[in-house]
Amino acid sequence: MRTTYCGLVSEALLGQTVTLMGWAHRRRDHGGVIFVDLRDREGMVQVVCDPDRPEMFRTAEGVRNEFCLKVVGKVRPRPAGTENANLTSGKVEVLCHELEVLNPSVTPPFQLDDDNLSETVRLTHRVLDLRRPAMQKNLMLRYRVAIEVRKFLDEQGFVDIETPMLTKSTPEGARDYLVPSRVHDGTFFALPQSPQLFKQLLMVAGFDRYYQITKCFRDEDLRADRQPEFTQIDIETSFLGEDEIRAITEAMIRTVFRKALGVELPVYPVITYGEAMARYGSDKPDLRVMLEFTELTPVMKDVDFKVFSGPANSPGGRVVALRVPGGGEMSRGEIDAYTEFVKIYGAKGLAWIKVNDAAKGRDGLQSPIVKNLHDAAIEQVIAKTGACNGDLIFFGADKAKVVNDAIGALRVKVGHSEFGRAKGLFEDRWAPLWVVDFPMFEHDEEAGRWTAVHHPFTSPKDGHENLMDTDPGACLAKAYDMVLNGWEIGGGSVRIHRAEVQRKVFDALNISPEDAKVKFGFLLDALQYGAPPHGGLAFGLDRIATLMAGADSIRDVIAFPKTQRAQCLLTGAPSQVDEAQLRELHIRLRNPQPA
């Protein structure tokens, strides 16, 4: 029906007659000549309707925004001075010979070029929102990412294998989405949080290079980079160590950025989890921010200021400084705003010192806390932070987790702020890295037991197996995350393939042999049949596409996303179902809510 896309009409087609299909993005009547900007997924072209063809012109007079049109016309140069350098078709226009309204449109609820739409309006009218050029561009970019992933993995000998969507509930981590079985009364399937167990089974089955671009489901609290259903690039290999797995997946991401975005990613630094937490307070640090922590815990053990000495002398406590070059220019109001910000992360407050004249010692400092610190502590603060005249030093003192979360978030907020950018505290670049050597376990204070940092099938570092019996907190894992611009875009590990090591992990996690058999029996049984050494990595396709598109949220690269309350405003899901459906599933609601 058409000869080319609107957005691909260019000087190469000058003098040719083309047939176009698309939507009226804008209609303009200029003194008897009507211009229609015709839009499709590839872009726009200007269509000129002259009154010389009366029937066609009458049709053009009735065209309104979002009418679906068919245009037959001749490609000609635009008049001098009217070119649009932002469009592929910017130097040409189509002189309309035939115009057909394929389908009219009611008045849209918003203009597609309105940049001030609320997300609620956009998600409620998502079909129209997806017509907007920015959203078309985002989803086309996401498509190119997926295609390049498939091409790369195919060239490397990986096989695309689907795994089940209806599976067994294994509640170790986020909540499962449960699906009731109609056939088996009182039983439930679970939607997979990841294909973790099945991809390990595929390794035991001999498919040594597997991948899948698949949906995963987690019933957890949402935020900008989370959705209840998300898309994962899942990769698993046999007979490769963690360095080799990282090498092949890094090459994949480099290739995807080169082919889909035209970007050459820089060298990937490799830092340990311990180093990341010590320097940045985060296991996914944004290396574009040129600020780092200074460890002050030993320095503050003997000061009279209990806010500092208390955490410094407490097990699990931490005291750090964050030096902000040029931060002395900040007003008290700005500092107070940062104080309120860190409270979001559990901090009780935010101590600070302005360095007016470092050479004068305490007399050159401005702060309500200086009087509580002895001279030796002040000297070490200045020396260790490297503070200069005009700098500002923020302090965090609390349990290590609170300090890491609060001051880590403060580091990013200051760096990304207008002040931070003006002071050169932020570098606008691609900043990838690997974070390795994660701890195997973390202690759940409320439950009083150890939990797996990644999942129970992660292999410990060689030589760390016995630490699971004696000191689980010191046991490191063969685990690794790929981080880009402060987002974890992928994570994985070498898996446990020997039954005796898996038993040690379950013991450390207080999972009894009986519980292990019920939850993971099918995997444990399979590992007995000569399971190969194996490991892998899973990437978040949504997150990668979000970063590449420069979007603020993964909802901007997902066709039909949920809100932060896990609702679909377009379809009204989740919704109530009728009593007959519930009876068929043997379900009765407790305290059902009125419709």
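Observations, loosely collected:
- With a requirement of 3 or more residues that are touching a His at 6+ places or on another chain (Cβ under 9 Å), the strands (runs of 3 or more DSSP E) lying completely within region 417-480 that satisfy it span 449-452.
- Look at (1) modelled with pLDDT under 95; (2) of a type in the set (A, V, I, L, M); (3) under 29 Å from V289 (Cβ atoms) and you find that L467 fails only one, number (3).
- Those helices (runs of 4 or more DSSP H) of region 220-313 in which at least 3 residues are basic (K, R), considering only elements entirely within it, cover 242-261.
- Qualifying residue in region 212-229 (condition: open to solvent by less than 60 Å² (accessible area, probe 1.4 Å), more than 18 Å from H455 (Cβ to Cβ), under 15 Å from the mean Cα position of the chain (by Cα) and charged (D, E, K, R)): yes
- Put simply, of K423, K413, K343 the only residue that is among the basic types (K, R), open to solvent by 10 Å² or more (accessible area, probe 1.4 Å), closer than 22 Å to G486 by Cβ and within 23 Å of the chain's Cα centre (by Cα) is K413.
- Residue selection: V370 satisfies the criterion of being among the β-branched types (V, I, T), without any contact (Cβ under 8 Å) to a residue 24 or more places away in the chain and open to solvent by less than 70 Å² (accessible area, probe 1.4 Å).
- Of the residues making up region 475-494, just one is among the charged types (D, E, K, R) and open to solvent by less than 20 Å² (accessible area, probe 1.4 Å), namely D481.
- Scanning region 505-529 for residues that are over 26 Å from G448 (Cβ atoms), without any contact (Cβ under 8 Å) to a residue 12 or more places away in the chain and open to solvent by 40 Å² or more (accessible area, probe 1.4 Å) turns up just one, D525.
- Whichever residue in region 112-129 is assigned to a loop (DSSP other than H, G, I, E, B) and loosely packed, with under 15 Cβ neighbours inside 10 Å and, among such residues, is modelled with the highest pLDDT: S118
- Here region 557-590 is the region considered, the condition is being over 20 Å from the mean Cα position of the chain (by Cα) and on the phi > 0 side of the Ramachandran plot, and the residue that is least open to solvent (accessible area, probe 1.4 Å) is G572.
- Residues located in region 40-85, provided they are among the hydroxyl-bearing types (S, T, Y) and in contact (Cβ under 8 Å) with a residue 12 or more places away in the chain: T59
- Test: residue in region 290-297 that is modelled with pLDDT of 95 or more, aromatic (F, W, Y) and either open to solvent by 60 Å² or more (accessible area, probe 1.4 Å) or farther than 22 Å from G473 by Cα (or both): yes
- Selection count, region 258-277, where residues are small (G, A, S) and either crowded, with 17+ Cβ neighbours inside 10 Å or in contact with a Lys or Arg (Cβ under 7 Å, 6 or more places away or on another chain) (or both): 2
- Filter result for E500 (of a type in the set (D, E), in a strand (DSSP E or B) and either surrounded by fewer than 19 Cβ atoms within 10 Å (Cβ to Cβ) or in contact with a Pro (Cβ under 7 Å, 6 or more places away or on another chain) (or both)): no
- Sole residue being open to solvent by 40 Å² or more (accessible area, probe 1.4 Å), closer than 21 Å to L527 by Cβ, among the aromatic types (F, W, Y) and modelled with pLDDT of 90 or more, chosen from F189, F198: F198
- Any hit, region 170-177, residues being at pLDDT 95 or above and either surrounded by 16 or more Cβ atoms within 10 Å (Cβ to Cβ) or within 24 Å of the chain's Cα centre (by Cα) (or both): no
- Selection of region 52-84 for residues being in a loop (DSSP other than H, G, I, E, B), among the charged types (D, E, K, R), open to solvent by less than 80 Å² (accessible area, probe 1.4 Å) and within 22 Å of L14 (Cβ to Cβ) yields only R78.
- Looking only at region 318-340, and only at residues there that are of a type in the set (K, R) and surrounded by 14 or more Cβ atoms within 10 Å (Cβ to Cβ), the one that is farthest from G396 (Cα to Cα): R323
- Condition check for A146: in a helix (DSSP H, G or I), among the small types (G, A, S) and open to solvent by 40 Å² or more (accessible area, probe 1.4 Å): no
- When the residues of region 23-45 are filtered to those that are touching a Gly at 6+ places or on another chain (Cβ under 9 Å) and assigned to a strand (DSSP E or B), the one that is surrounded by the fewest Cβ atoms within 10 Å (Cβ to Cβ) is D40.
- Search result, residues across region 241-257 that are of a type in the set (A, V, I, L, M) and either surrounded by fewer than 19 Cβ atoms within 10 Å (Cβ to Cβ) or without any contact (Cβ under 8 Å) to a residue 60 or more places away in the chain (or both): A247, I248, A251
- Residue match in region 14-21 (condition: touching a strand residue (DSSP E or B) at 6+ places or on another chain (Cβ under 7 Å), open to solvent by less than 20 Å² (accessible area, probe 1.4 Å) and of a type outside the set (A, V, I, L, M, F, W, C)): no
The values are calculated or read from the model by the stated rules, or taken from the named source; none is laboratory data. Predicted model, so just to flag it, every value in this text is computed and none were measured. Neighbour counts run over all protein chains shown; Cβ positions are idealised from the backbone, glycine included. Surface accessibility is based on the protein's heavy atoms, side chains included, excluding ligands, DNA and RNA. Shrake-Rupley method; radii C 1.70, N 1.55, O 1.52, S 1.80 Å.
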